[in-house]
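Read through the structure below, which is laid out as structure tokens, and then see the notes.
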Amino acid sequence: MKPGRYNARAQRGVAVVTALLLATLAVTVVASLFWRQQLQVRSIDNLRLQLQKQWVLRGALDWARLILREDGRNSLIDSLDEPWATPLAPTRLDQYVAPGISSGDAGNALLSGAIEDAQGRFNLMNLVNLSDLAKQDRINQAALQGFTRLLGALRLDTAMAKLIAQAMAEAESAAQQPRNGIRRPISFVQLDDLLAVPGCTPLMIKTMRPHTVILPAPTPININTASAEVLAAGVSGLSLADAIAITSSRRQAAFQNAAEFIKRLPDTAKGLDVGSVSVTTRYFLVNGAVTIRNAKLEIQALVERQPTTTRLLWVKAL
């Protein structure tokens, strides 16, 4: 074979390999660009879904506040047979969209929620003597005994009651003492904040959650909405069995005042402090969940009902 023909074939081989390499490179670049584009599209779509879920839940939260505001204007007591206490079963929002109006993904959202009486739970802020933070006895002993009973009923370590009370009292005392003219924020706002207390575990908080709450100020227990465990904890001398009987009987008729409640108490619990119970509520927990496609968002909010309006105190994602 002549050298010229060999060189020509070699050059053609190199050209073919080069062309193949360039084609492979071009395909790789295009594929990479396409992948990045798809990633950006999915990212934008996820962000849009997140914003839509937040928008739906914000609307539901505003609706819940309206219900509570109207209930406060028209009802003298708060009980579990009122409209606000009826949970919203999973509902498709497109049922409320007028025909012919496109609502996008938000219209196909599945919304559920419920309003809970926060004062139907044991308020851990009751453990603190807010008026005596500068003194030695910063813990409300009656509330501490009640909290101890509650932990016992929930089969939790009762020794944690005093540890939590001390931690909350110390946090409140620190919050009341200005530093450079500025008061420090309260450390305990939600139950999850108790994880800062040595010995308090996520499992303990999970067990306590249905029965306890941390509110901005001490509050009486609403005897129309509290569970049997909370009633037995809040009323000295009231056994869990008697508390269950009371919660069962109030289904027929809610308490109109504290005097009616006291009449139903056994003789062992007749020394009740009337100021520690109530038939009205100031604080409510609003729970909401929305699902759009396969994406779900759950929130919980604390709402304070005032005489003529409502105030949103905090919102957290669950």
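Here the condition is being over 23 Å from residue 285 (Cα atoms) and either of a type outside the set (Val, Ile, Thr) or in contact with a Cys (Cβ under 9 Å, 6 or more places away or on another chain) (or both); of 228, 245, 217, it holds for 245 alone. May I ask you to verify whether residue 289 is modelled with pLDDT of 95 or more, within 28 Å of the chain's Cα centre (by Cα) and either surrounded by fewer than 17 Cβ atoms within 10 Å (Cβ to Cβ) or not in a loop (DSSP other than H, G, I, E, B) (or both)? Criteria not met by residue 289. Output yes when any residue across the stretch 74-94 is in a helix (DSSP H, G or I) and at pLDDT below 80, and no when none is. Yes: one or more hits. Every listed requirement among (1) closer than 30 Å to residue 290 by Cα; (2) modelled with pLDDT of 70 or more is met by residue 18 save one, (1).
Residue-wise test of (1) in contact with a helix residue (DSSP H, G or I) (Cβ under 6 Å, 6 or more places away or on another chain); (2) in a helix (DSSP H, G or I).
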| site | (1), (2) |
| --- | --- |
| 193 | no, yes |
| 244 | yes, yes |
| 256 | no, no |
| 260 | no, yes |
| 265 | no, no |
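Determine, yes or no, whether residue 308 is surrounded by fewer than 16 Cβ atoms within 10 Å (Cβ to Cβ) and not in a strand (DSSP E or B). So residue 308 fits the description; yes.
Residues that are at pLDDT below 75, assigned to a loop (DSSP other than H, G, I, E, B) and among the polar types (S, T, N, Q) were ranked within the stretch 134-187; the one that is surrounded by the fewest Cβ atoms within 10 Å (Cβ to Cβ) is 180. From the set of residues in the stretch 265-286 that are of a type outside the set (Phe, Trp, Tyr) and within 19 Å of the chain's Cα centre (by Cα), which is surrounded by the fewest Cβ atoms within 10 Å (Cβ to Cβ)? So the residue we want is 285.
Residues in the stretch 121-133 that are under 28 Å from residue 247 (Cα atoms) and either free of Cβ contacts under 8 Å to residues at least 60 places away in the same chain or in a loop (DSSP other than H, G, I, E, B) (or both): 2 in all.
The values are calculated or read from the model by the stated rules, or taken from the named source; none is laboratory data. What you are looking at is a predicted structure, and each value in this text was computed from that prediction instead of being measured. Here Cβ is always computed from backbone atoms with ideal geometry, including for glycine, and neighbour counts include all displayed protein chains.
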